[in-house]
Amino acid sequence: MDKVYLDNSATTKVDERVLEAMLPYFTEGYGNASSLHSFGREASKAMEASRSKVAELINANADEMIFTAGGTESDNIAIRGVAAALKEKGNHIITTSIEHPAVLDTCEYLEGMGYDVTYLPVDDKGMISLKDLEAAISERTILITVMHANNEIGTVQPIREIGRIAHENGVIFHTDAVQTIGKLHVDVDKDNIDLLSISGHKLHGPKGIGALYIRKGTPIVPIIYGGGHEKGLRSSTENIPGIVGLGKACELAIDEMESDIPYISGLRDTLIKGVFERVSKVRLNGHPDIRLCNNVNMSFEAVEGEALVLALDRAGIAASTGSACSSKKSKASHVLLSIGLTEVTAYGSLRLSLSKMNTMEEIEYVLDSVEGIVKRLRDMSPLWTEE
C-alpha cells in the first residue's frame, strides 16, 4: 500500500467536487464581490449562495454568517469582539483547560488587557462539569467559550446544556466547532449557540477560508478595520474561490452526513478494537463513547510518540502525536496533561484521525504496521516491561 492519510483532524483532502466548483472563480468569475459591474455581481452572487449553504448546515440564517480566513480568525473575532463590546458590563470570561490555542492564547491576551478568565478543568475523559460551569458564573461574566469537540482526544462537550446555562444567566455562548462541522449534527437554535466557528479545510474544503456564525442581536465589534466587508466585522476583499469551496463542502455535508458518519465511526471502532487486541498496555485517551466519529487517540506505554509517528511515516502512514498546531513543539500536550496523564505517558500518544476517504483495507494495513512498530520500539526501550 502506497500511502495512508490518517491526520484528518489536522487537515483534510479537498473533495474533487469542491475543487471543481472553485476552479471557475480563479479563471472566469474572478471579480471583486464589491464591484458594481457584471464580474463583481457574479462573484457576489456566488458568495451569497455559499453563505446560504454554510448557514443551512447549522440551521442558521444566511445573514448571521460572516466569512473569515479560518477557525483561528473566527475564534478571535468572536472572543475579542464580544469582550470589547461588553467591557462596560463585565470582564469575566469562562473557558476550559483543553481549548485550542486559538482560544487559549486569545484569552491569555485578554488577561493582559485586564480581563479575568476562568479555565474550567476536565475529568479523565476530557469532559467538563456543568456544576463547575454554573459555579464559575458571576455577575461580571460576559462570555462562555467551550469547544464542541476536542481536536486531540475527540471528546464531545454537552454544548446544548452549556448554552442553556449561559442563556439562563444572561451570558453569551461561543463554541469552536471546527472539528465537528460535517461530523456531528449542529443546530444553533436547539443548541443555544450565539457564536460558532467553522474552518473549511477540516471538512474537505480549501485552506484559508472559514466562517463565523453570529446570532442576530449578539453584541460584537470588529477587531480588523478597513473597507467594511462582511457587515464591517471582517474587512478584506472576500476570498471568492475559497468561499465557493466552503459552500460546496457544506452542501456535500448536508447531503452525505447521514451515510458518512456511521461509515467513519465503523472505521474508528475497528481501529480501536484492533489495536487493543494486538498491542498490550495501551490507553484510549478521551471519552470512550461520546467522541468524534473520526478520532482515535492512544498512549502506548514505553513508546515515544514522535518515534512512533516517524516510523509510521516510513511505512507510508500519516499520523500525529496530537494537534498539528503544536506537534512540532517539544512540550507535552496540554490536553493530555489536563486529563491526568503524566508527561511520560503524554509523550507516548498517537492521534489517528479518519475521513470518509479512508477504507477498511487501509485500517487493516495500519493495524499490522502499528503492531510491528510498537514491538520494535519497545524492544529498544529500557522502560519496557511486559509485566
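Could you tell me which of the residues VAL122, VAL103 is surrounded by 19 or more Cβ atoms within 10 Å (Cβ to Cβ), of a type in the set (Val, Ile, Thr) and in a helix (DSSP H, G or I)? First the steps, then the outcome.
On the way: VAL122 fails: in a helix (DSSP H, G or I).
Sole residue among the options that is surrounded by 19 or more Cβ atoms within 10 Å (Cβ to Cβ), of a type in the set (Val, Ile, Thr) and in a helix (DSSP H, G or I): VAL103.
Is the stretch 305-318 home to any residue that is surrounded by 21 or more Cβ atoms within 10 Å (Cβ to Cβ), assigned to a loop (DSSP other than H, G, I, E, B) and at pLDDT 90 or above?
no
May I ask you to verify whether LEU233 is over 16 Å from THR68 (Cα atoms) and in contact (Cβ under 8 Å) with a residue 12 or more places away in the chain? Before you say what the answer is, go through the steps one by one.
Values: over 16 Å from THR68 (Cα atoms): no; in contact (Cβ under 8 Å) with a residue 12 or more places away in the chain: yes.
Judged against the criteria, LEU233 is not a match.
Of the conditions (1) closer than 30 Å to GLY316 by Cα; (2) buried (at least 16 other Cβ atoms within 10 Å of the Cβ); (3) among the aliphatic types (A, V, I, L, M), MET1 fails just one. Which one is it?
Evaluating MET1 over (1) closer than 30 Å to GLY316 by Cα; (2) buried (at least 16 other Cβ atoms within 10 Å of the Cβ); (3) among the aliphatic types (A, V, I, L, M) leaves (2) as the failure.
Among the residues of the stretch 33-87, write down those that are assigned to a helix (DSSP H, G or I) and at pLDDT below 95. Break it down into steps so the answer makes sense when it comes.
Step one: filter the stretch 33-87 for residues assigned to a helix (DSSP H, G or I), giving 38-57, 62-64, 71-85.
Selection gives SER38, PHE39, GLY40, ARG41, GLU42, ALA43, SER44, LYS45, ALA46, MET47.
Looking at (1) under 22 Å from ASN169 (Cβ atoms); (2) more than 21 Å from the chain's Cα centre (by Cα), which one does MET113 not meet, given that it meets all the others?
Every condition holds for MET113 apart from (1).
When you scan the stretch 256-269, do you find a residue that is closer than 30 Å to TRP384 by Cβ and either charged (D, E, K, R) or part of a loop (DSSP other than H, G, I, E, B) (or both), even just one? Lay out the reasoning, then the answer.
As a first pass, look at the stretch 256-269 and keep what is closer than 30 Å to TRP384 by Cβ: 267-269.
In the following step, the residues that additionally are either charged (D, E, K, R) or part of a loop (DSSP other than H, G, I, E, B) (or both) were identified as 268-269.
Yes - at least one qualifying residue is present in the stretch 256-269.
Among ASN297, ASN239, which is the only one that is under 27 Å from GLY372 (Cβ atoms) and of a type in the set (S, T, N, Q)? If you could, list the steps in order and put the result at the bottom.
Details: ASN239 fails: under 27 Å from GLY372 (Cβ atoms).
Just one listed residue meets the conditions, ASN297.
Only one residue in ARG283, ARG278, ARG314, ARG291 is within 16 Å of LYS183 (Cβ to Cβ) and not hydrophobic (A, V, I, L, M, F, W, C). Which one?
Details: ARG283 fails: within 16 Å of LYS183 (Cβ to Cβ); ARG278 fails: within 16 Å of LYS183 (Cβ to Cβ); ARG314 fails: within 16 Å of LYS183 (Cβ to Cβ).
Only one candidate qualifies: ARG291.
Pick from MET127, MET147: which is in a loop (DSSP other than H, G, I, E, B), in contact with a His (Cβ under 8 Å, 6 or more places away or on another chain) and without any contact (Cβ under 8 Å) to a residue 60 or more places away in the chain?
Selected residue: MET147, the only one of MET127, MET147 that is in a loop (DSSP other than H, G, I, E, B), in contact with a His (Cβ under 8 Å, 6 or more places away or on another chain) and without any contact (Cβ under 8 Å) to a residue 60 or more places away in the chain.
What number of residues within the stretch 350-387 are in a loop (DSSP other than H, G, I, E, B) and modelled with pLDDT under 95? Let's see the steps before the verdict.
Taking the stretch 350-387 first, the residues in a loop (DSSP other than H, G, I, E, B) are 354-359, 381-387.
Checking the rest, the ones that are also modelled with pLDDT under 95 come to 381-387.
The number of residues fulfilling the criteria is 7.
Cβ contacts < 7 Å: first residue over 26 Å from ALA21 (Cα atoms), restricted to the stretch 201-229; second residue among the basic types (Lys, Arg) and buried (at least 16 other Cβ atoms within 10 Å of the Cβ), any location; separation 6+ or different chain. Result?
Pairs that qualify, where the first residue is over 26 Å from ALA21 (Cα atoms) and the partner is among the basic types (Lys, Arg) and buried (at least 16 other Cβ atoms within 10 Å of the Cβ), are ILE223/ARG80; ILE224/ARG234.
Cβ-Cβ below 6 Å, separation at least six or inter-chain, first residue in the stretch 67-89 and of a type in the set (Val, Ile, Thr), second in a loop (DSSP other than H, G, I, E, B): which pairs?
Pairs that qualify, where the first residue is of a type in the set (Val, Ile, Thr) and the partner is in a loop (DSSP other than H, G, I, E, B), are THR68/ARG234; ILE77/ILE223; VAL82/ILE220.
Please state which one of ILE153, ILE142 is β-branched (Val, Ile, Thr) and part of a strand (DSSP E or B). Outline the logic, then answer.
On the way: ILE153 fails: part of a strand (DSSP E or B).
Answer to the check: ILE142.
The values are calculated or read from the model by the stated rules, or taken from the named source; none is laboratory data. Everything numeric here is computed off the predicted structure, so don't read it as measured data. All Cβ positions, even for glycine, are placed from backbone atoms using ideal geometry, and neighbour counts span all protein chains on display.
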